[in-house]
1. Please give the strands (runs of 3 or more DSSP E) falling wholly within region 47-134 in which 1 or more residues are polar (S, T, N, Q) and in the same structural domain as residue 37 (by TED's automatic domain parsing).
2. May I ask you to verify whether residue 148 is modelled with pLDDT of 95 or more and in contact with a helix residue (DSSP H, G or I) (Cβ under 8 Å, 6 or more places away or on another chain)?
3. Being at negative phi and at pLDDT below 95 is the filter here; which residues of region 45-55 pass it?
4. For the subset of region 97-127 comprising residues that are in contact with a helix residue (DSSP H, G or I) (Cβ under 8 Å, 6 or more places away or on another chain) and not aliphatic (A, V, I, L, M), which member is surrounded by the most Cβ atoms within 10 Å (Cβ to Cβ)?
5. Could you check region 86-116 and list, in sequence order, the residues that are without any contact (Cβ under 8 Å) to a residue 60 or more places away in the chain and within 20 Å of residue 31 (Cα to Cα)?
6. Which condition breaks for residue 132 when tested against (1) closer than 19 Å to residue 60 by Cβ; (2) surrounded by 17 or more Cβ atoms within 10 Å (Cβ to Cβ)?
Amino acid sequence: MTVEFTPDNADSTSPAASSGESLSPFHLAIPVRDLAQSRAFYGKLFACPEGRSDTTWVDFNFFGHQLVCHVDPTARNRVVENTVDGHCVPIPHFGIVLDMDRWHELAERLKGHNVNFIIEPYIRFEGQPGEQGTMFLEDPSGNAVEFKGFRDRSGLFAK
């Protein structure tokens with residue numbers, strides 16, 4: 001029997017609805033043009049430990065989640081942007097939600113490495129439900145990555 005999760009059938013016991021429990025690691029595979037560049041970006045710049053690898057892919061521990069970079073020499077950059085809080089947000093993108101102190105530390109570290117941001121670090125929705133720090137950058141293959149920071153993660157899904 002398969003049960004599809006929808007907001008109408010969500011309850012406090014549903015894994016998809018829980019917010020106080022620890023999250024299961026997420027697995028994401030992305031296309032990259034060059035593994036050496038990906039290792040420098042994810043492995044060195046973000047200090048993500050490397051896991052298994054082969055000649056055409058490499059696993060990273062991306063803040064507790066499994067990020068796999070697969071070589072695709074034809075990988076193309078994004079082509080869509082949506083306006084959010086007055087900024088053009090790249091679509092598609094992926095990222096991580098950090099606590100606000102760690103987000104600030106990362107923003108300063110990236111600025112110190114002269115990273116070219118798509119969207120510079122700033123506080124989005126300031127003073128509103130869901131207030132968050134956000135910043136966007138691209139990896140060497142053009143994959144857009146977002147880093148969010150929350151003082152209180154209960155605001156992650158705030159309306």
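1. Numbers: elements: 50-53, 57-62, 65-71, 80-84, 87-91, 93-99, 117-124.
Because the criterion is at least 1 residues that are polar (S, T, N, Q) and in the same structural domain as residue 37 (by TED's automatic domain parsing), the strands (runs of 3 or more DSSP E) in region 47-134 that meet it are 50-53, 57-62, 65-71.
2. Here the answer is yes, as residue 148 does meet what is asked.
3. 45, 46
4. 121
5. 89, 90, 91, 92, 93, 95, 96
6. Checking residue 132 against (1) closer than 19 Å to residue 60 by Cβ; (2) surrounded by 17 or more Cβ atoms within 10 Å (Cβ to Cβ), the one that fails is (1).
The values are calculated or read from the model by the stated rules, or taken from the named source; none is laboratory data. Please read these numbers as outputs of a predicted model, since none were measured by experiment. Don't worry about glycine lacking a Cβ; one is built from the backbone with ideal geometry, like all the others, and counts go over all protein chains shown.
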